[in-house]
1. Which of the aspartates and glutamates could be linked to Lys2 by a straight reach, that is with a Cα gap under 19 Å, when you skip same-chain ones fewer than 8 residues away?
2. Two decimals is fine: what's Rg over Rh for the chain, C-alpha atoms, Kirkwood radius as Rh?
3. Please label the shape of segment 1-79 as rounded, prolate or oblate, based on the square roots a ≥ b ≥ c of the eigenvalues of the alpha-carbon gyration tensor (a/c under 1.5 means rounded; beyond that, a/b larger than b/c means prolate, else oblate).
4. How high is the relative contact order of the chain, given as a whole-number percent (alpha carbon pairs under 8 Å, six or more residues apart)?
5. Sorting Lys92, Lys239, Lys99, Lys2 by accessible area (1.4 Å probe), largest first, what list results?
6. If I build a Gaussian network model for the chain, linking alpha-carbon pairs within less than 10 angstrom, which residue out of Asn110, Asn35, Asn69 has the largest mean-square fluctuation?
7. Among Gly79, Gly151, Gly108, whose mean-square fluctuation peaks in a Gaussian network model of the chain (Cα, cutoff 10 Å)?
8. What are the radius of gyration and Dmax of segment 1-146, computed over its Cα atoms and given in Å?
Amino acid sequence: MKIALGLNIDHIATLRQARRIHQPDPLEAVFIAKNAQVQQITIHLREDRRHIHDDDVRRILTHSPLPVNVECACDLSAGGVVEMLCDLGVHKVTLVPEKREEITTEGGLNMHAPQVDSAIVRFREAGIPVAVFIEPDRESIVRAQELGVSGVELHTGAFAHCYDMLHSCLPYSHNARGSMRDFAPKSAQTRADLARELKDRLAREINALECAASYAHTLGLLVFAGHGLNYENIAPIVKLPHLQELNIGHSIIARALMVGLYQAIKDMQEAIANAL
Ligand code: PXP
């Protein structure tokens, strides 16, 4: 099965916001992505508007030749994000949890929170397909199906956290959900002990993602994945059963600074193709 690549362009807006001017423009990236045969653009309209702004969403939706997937929190307030995206008629929405203090989305959605149910109903009424960003566990998948979403995006942050710690000298990464904070090296732990523990944990994270992908497919849900994926750790994720779409941002935009966006996308497409 061909896996669609969704390019997350939030970090282009992050760079722009470092100066609060109008460059670089995330919309320009959309056209480069189209030329490089990306299948989808992904943007996250955060409550604090730290990178993508309302006007970016409007301009990208108006001009994008690619489908646009907007990640957002279940903000049901009057004039809030859910209302705005319904009015704009976005192509697709991925509901994510949001915390002001986090550097990036740290964990999957709590699928039992009442606002998740309400946001899904609201988007479905507006005819907008909804996916939910969840931890790879059965309970979240069952609930996703009950609530009538079209797909689940499996959070690969815990996997990425283990992978990056095992293959680099990083003492800690921000890719993982809250519980992974306890999984930083202890001071008395030798590198060999830590590597053994990380390998074990990595195998469990991959297994959880594989089981979740199969189970979601069995329940009739589309299977997507994303978070913390890069040129080195992509191979086991590409092999997940029934995987239809990957959403990748940080690693591609970071590489784009060195080789240009077109080439960075091509390099990721090659890494995905080589792993299949
Ligand atoms: N998918 C979702 C739901 C996300 O929230 C993010 C981060 O915004 C990504 C994918 C992309 O993650 P990364 O930037 O680590 O590739």
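The values are calculated or read from the model by the stated rules, or taken from the named source; none is laboratory data. The shown structure was predicted, so the numbers you read here are calculated from the model rather than taken from an experiment. Please note: Cβ atoms are built from the backbone with ideal geometry, for glycine as well, and neighbour counts cover all protein chains shown. The accessibility values were calculated without ligands, DNA or RNA, using every heavy atom of the protein model including side chains. Shrake-Rupley method; radii C 1.70, N 1.55, O 1.52, S 1.80 Å.
1. Glu153, Glu210, Glu245, Asp267, Glu270
2. A ratio of 0.95.
3. oblate
4. It comes to 19 percent, rounded to a whole number.
5. Reading off the accessible areas and sorting them downward yields Lys2, Lys239, Lys99, Lys92.
6. Checking each option, the largest mean-square fluctuation is seen for Asn35.
7. Between Gly79, Gly151, Gly108, it is Gly79 that shows the largest mean-square fluctuation.
8. 15.2, 44
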